[in-house]
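K.L.:
Would you mind keeping the following structure in view while I ask a few things?
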Amino acid sequence: MTDRRYQHIAKQIIGLIESGEFPPGSRLPGERELAERLGVSRVTIREAEIALEAQGYIVIKTGSGVYVQARPAPEMIFSADVNAFELTTSRAVIESEAAALAALHITPQALVALEETVRVMERNDAEAEAADEEFHTIIAQNTGSPIIEHFVRTLWRIRNEAPQVAHVYGNVCKGGFEDRVQEHMAVLEAIRNRDPNAARSAMREHFSRLFEAMLAAEEKEALAELRKKTLEHRDRFKLSTQHSAA
């Protein structure tokens, strides 16, 4: 299991919330009771609750307790007018630092899982895209920061589900997979060597290449659209001149 213990416990608590045992507005049992029920220490429960608060599942009220929050509809996360370039800039900042932290904190088990995702990406088959996301998620999980993990997961949700963003990424990810694999291997090697500076630089280089590919893809699409409109104008002109001559 690549997850840290608190992450595993956080997932169990999410399961209890989503099953309806702890509905929105209800108070979670105290740390001692949850620790006994789930078979872990109170410290692990506290870490899991911090992670859940960062993800918006609960709110911790000092002196009162821990309460389950109503979750917004999934589409609400995309209400902001975000575009693929803004998203990629944010990813470059957050995920580069995530890579640096993972180089310091990653567990041996997580490193094995990270290596496996790169092997899957090398096959460039139907599972490659999912392996790409898992690669970045494993890094986020091993930063030692549940807040960074939450941010990375949120950025990936926007990347996958916001229509305009998904469209741009879809165009870029159709080709250049060999370059992407090499970039991921560079990040992996830096993390394996426990070198945070190299990991940060490798991840930045990955996003720099991605940004340039996005610019090229958008320029190509714009030129294609311009050519289409030009041909439409030409056809309309020809039609109007033919009618005038008749």
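The values are calculated or read from the model by the stated rules, or taken from the named source; none is laboratory data. Model, not experiment: these values are computed from the prediction. Here Cβ is always computed from backbone atoms with ideal geometry, including for glycine, and neighbour counts include all displayed protein chains. These accessible areas exclude ligands, DNA and RNA; they are computed on the full protein's heavy atoms, side chains included. Shrake-Rupley method; radii C 1.70, N 1.55, O 1.52, S 1.80 Å.
K.L.:
Inside segment 3-46, can you point out the residues that are part of a loop (DSSP other than H, G, I, E, B) and either charged (D, E, K, R) or open to solvent by less than 40 Å² (accessible area, probe 1.4 Å) (or both)?
P.N.:
Initially, segment 3-46 is screened for residues part of a loop (DSSP other than H, G, I, E, B), giving 3-4, 19-26, 28-30, 39-41.
Within segment 3-46, Asp3, Arg4, Glu21, Phe22, Ser26, Leu28, Pro29, Gly30, Val40 qualify.
K.L.:
Determine which single condition Pro29 fails, assuming it passes every other condition in (1) closer than 21 Å to Phe151 by Cβ; (2) modelled with pLDDT of 90 or more.
P.N.:
Unmet for Pro29, out of (1) closer than 21 Å to Phe151 by Cβ; (2) modelled with pLDDT of 90 or more: (1).
K.L.:
If the requirement is being out of contact with any Cys (no Cβ under 8 Å at 6 or more places or on another chain), among the small types (Gly, Ala, Ser) and crowded, with 18+ Cβ neighbours inside 10 Å, which of these qualifies: Ala216, Ala198?
P.N.:
On the way: Ala216 fails: crowded, with 18+ Cβ neighbours inside 10 Å.
From the options Ala216, Ala198, the qualifying one is Ala198.
K.L.:
State all residues of segment 146-178 that are surrounded by 19 or more Cβ atoms within 10 Å (Cβ to Cβ) and not in a helix (DSSP H, G or I); if no residue qualifies, say none.
P.N.:
Hit for segment 146-178 is Ala162, nothing else.
K.L.:
Search segment 83-112 for residues that are without any contact (Cβ under 8 Å) to a residue 60 or more places away in the chain and pair each with any residue that is open to solvent by 10 Å² or more (accessible area, probe 1.4 Å) and outside any helix (DSSP H, G or I) when their beta-carbon atoms are under 7 Å apart and the residues are at least 6 apart or on different chains.
P.N.:
What qualifies is His105/Gly144.
K.L.:
Can I ask one more? Restricting the search to segment 105-131, which residues are in contact with a helix residue (DSSP H, G or I) (Cβ under 6 Å, 6 or more places away or on another chain), assigned to a helix (DSSP H, G or I) and open to solvent by 10 Å² or more (accessible area, probe 1.4 Å)?
P.N.:
Scanning segment 105-131 gives Ala113, Val120, Glu122.
K.L.:
A further question on this structure: Test each condition in (1) open to solvent by less than 50 Å² (accessible area, probe 1.4 Å); (2) modelled with pLDDT under 95 for Ala190 and report the one that comes out false.
P.N.:
The failed condition is (2).
K.L.:
Among the numbered criteria (1) assigned to a helix (DSSP H, G or I); (2) modelled with pLDDT of 90 or more; (3) under 20 Å from Arg192 (Cα atoms), which one does Thr143 miss?
P.N.:
Among (1) assigned to a helix (DSSP H, G or I); (2) modelled with pLDDT of 90 or more; (3) under 20 Å from Arg192 (Cα atoms), the lone unmet condition for Thr143 is (1).
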